[in-house]
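Below is one structure; the comments refer to it alone.
The values are calculated or read from the model by the stated rules, or taken from the named source; none is laboratory data. All figures in this text were calculated on a predicted structure; none of them were measured in a lab. Here the Cβ positions follow ideal geometry from the backbone for every residue, glycine too, while neighbour counts run over all protein chains shown.
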Amino acid sequence: MNYVEAANAPLRKTGHIKLYGPEGFAGMRKAGQLTAQALDAVADMVAPGVTTDAIDRLIYEFAMDHGAYPATLMYRGYRFSVCTSVNHVVCHGMPNARPLREGDIVNVDVTLVLDGWYGDSSRMYPVGAIPRRAERLLEVTYDAMMLGIAAIRPGGHVGDIGAAIQDFVEPQHMSVVRDFCGHGVGQVFHDEPNIVHVGRRGEGPKLVPGMIFTVEPMINLGRPHVKVLSDGWTAVTRDRSLSAQFEHAVGVTETGVEIFTLSPKGYHQPPYISA
Ligand code: MF3
Ligand code: CO
Ligand code: CO
């Protein structure tokens with residue numbers, strides 16, 4: 001297999017979902033905890049005047065100091081250690097020199113590779129005081145992710161996750177992004193299955209102990225439609241409405257689900273105050 005084929009391999013639909021044993025779960029626990037620790041450090045630094053470039057440098061240094069590598073760095077031509085998606089940016093925003101302003105909301109998405117295992121997680125950070133509608137969006141998005149995760153059990157189906165999210169979000173007059181989804185993760189960054197954040201109960205692949213994937217719903221205050229800017233990465237809402245996202249990496253267990261990327265500091269959702 002040449003390099004280009006290898007890069008595209010995870011996108012090829014083979015219908016095969018990897019199952020991981022106890023060593024895999026142990027590896028994901030370590031990588032997931034390191035990523036969560038990095039996201040905790042971001043909470044302690046985000047404030048008006050801070051740039052997303054500074055967040056990118058923090059994560060790069062954090063990775064180097066802990067024997068890890070940021071998976072996004074040089075991934076398919078991406079050149080940063082994090083994605084930083086501000087306000088109407090849905091995902092894959094690139095760090096830059098613009099200082100964050102009071103009232104902004106920013107998603108920081110970090111994937112640290114530790115001993116070959118990919119810990120993929122993101123959180124929303126309010127910058128100072130934010131408008132009430134932005135606060136509501138962050139609450140609904142966090143709850144949507146956790147409801148999706150709570151729907152995971154062995155013998156269930158991938159569609160149960162999207163159904164739980166969609167049925168919670170849409171009655172609140174917010175929308176679920178269709179163009180990006182969660183994904184299998186483990187010893188590769190993006191693997192099967194796709195975890196779509198809308199759907200119907202009982203549909204899609206069956207959930208089996210040993211599966212490892214992300215749940216990472218993107219929720220918009222307006223319409224669900226997205227466009228990618230000419231930089232080839234930055235995805236924004238077409239109607240320029242605010243967008244939010246949270247992400248955890250999880251594993252299906254014999255009895256339910258394990259979350260690998262829980263915050264060691266108890267910084268689960270904003271405002272981030274130590275538990
Ligand atoms: N971490 C993102 C995810 O949740 C992927 C970012 S890929 C990048 O899947 F190239 F945009 F960084
Ligand atoms: Co992900
Ligand atoms: Co991510």
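Annotations for the structure displayed:
- Check on Pro224, without any contact (Cβ under 8 Å) to a residue 60 or more places away in the chain, out of contact with any Phe, Trp or Tyr (no Cβ under 7 Å at 6 or more places or on another chain) and not acidic (Asp, Glu): yes
- Test for Leu114: is it modelled with pLDDT of 95 or more, among the aliphatic types (A, V, I, L, M), touching a helix residue (DSSP H, G or I) at 6+ places or on another chain (Cβ under 8 Å) and under 23 Å from Trp233 (Cβ atoms): no
- Region 178-199 - residue that is within 12 Å of ligand 1 (Cβ to nearest atom) and assigned to a strand (DSSP E or B) and, of those, farthest from Gly148 (Cα to Cα): Asp191
- Within region 36-64, the residues that satisfy the criterion of being among the small types (Gly, Ala, Ser), under 18 Å from Tyr125 (Cβ atoms) and touching a residue at least 24 places away in the same chain (Cβ under 8 Å) are Ala36, Ala38, Ala43, Ala47, Gly49.
- Residue match in region 156-174 (condition: surrounded by fewer than 21 Cβ atoms within 10 Å (Cβ to Cβ) and within 16 Å of ligand 2 (Cβ to nearest atom)): no
- Restricting attention to region 212-251, the residues being in a strand (DSSP E or B) and charged (D, E, K, R) number 2.
- Members of region 137-159 that are without any contact (Cβ under 8 Å) to a residue 24 or more places away in the chain and not aliphatic (A, V, I, L, M): none
- When we screen Gly77, Gly67, Gly103 for residues that are surrounded by fewer than 24 Cβ atoms within 10 Å (Cβ to Cβ), away from ligand 3 (no atom under 14 Å from the Cβ), touching a residue at least 24 places away in the same chain (Cβ under 8 Å) and under 22 Å from His183 (Cα atoms), the only hit is Gly77.
- Criterion violated by Asp179 - all others in (1) crowded, with 20+ Cβ neighbours inside 10 Å; (2) over 25 Å from Pro270 (Cα atoms) satisfied: (1)
- Residues located in region 109-124, provided they are within 14 Å of ligand 1 (Cβ to nearest atom) and either without any contact (Cβ under 8 Å) to a residue 60 or more places away in the chain or out of contact with any strand residue (DSSP E or B) (no Cβ under 6 Å at 6 or more places or on another chain) (or both): Val110, Arg123
- Region 205-248: number of residues that are over 13 Å from Pro193 (Cα atoms), buried (at least 16 other Cβ atoms within 10 Å of the Cβ) and hydrophobic (A, V, I, L, M, F, W, C): 10
- Scope region 107-119; condition over 16 Å from Tyr142 (Cα atoms) and within 12 Å of ligand 2 (Cβ to nearest atom); matching residues: Val110, Thr111, Tyr118, Gly119
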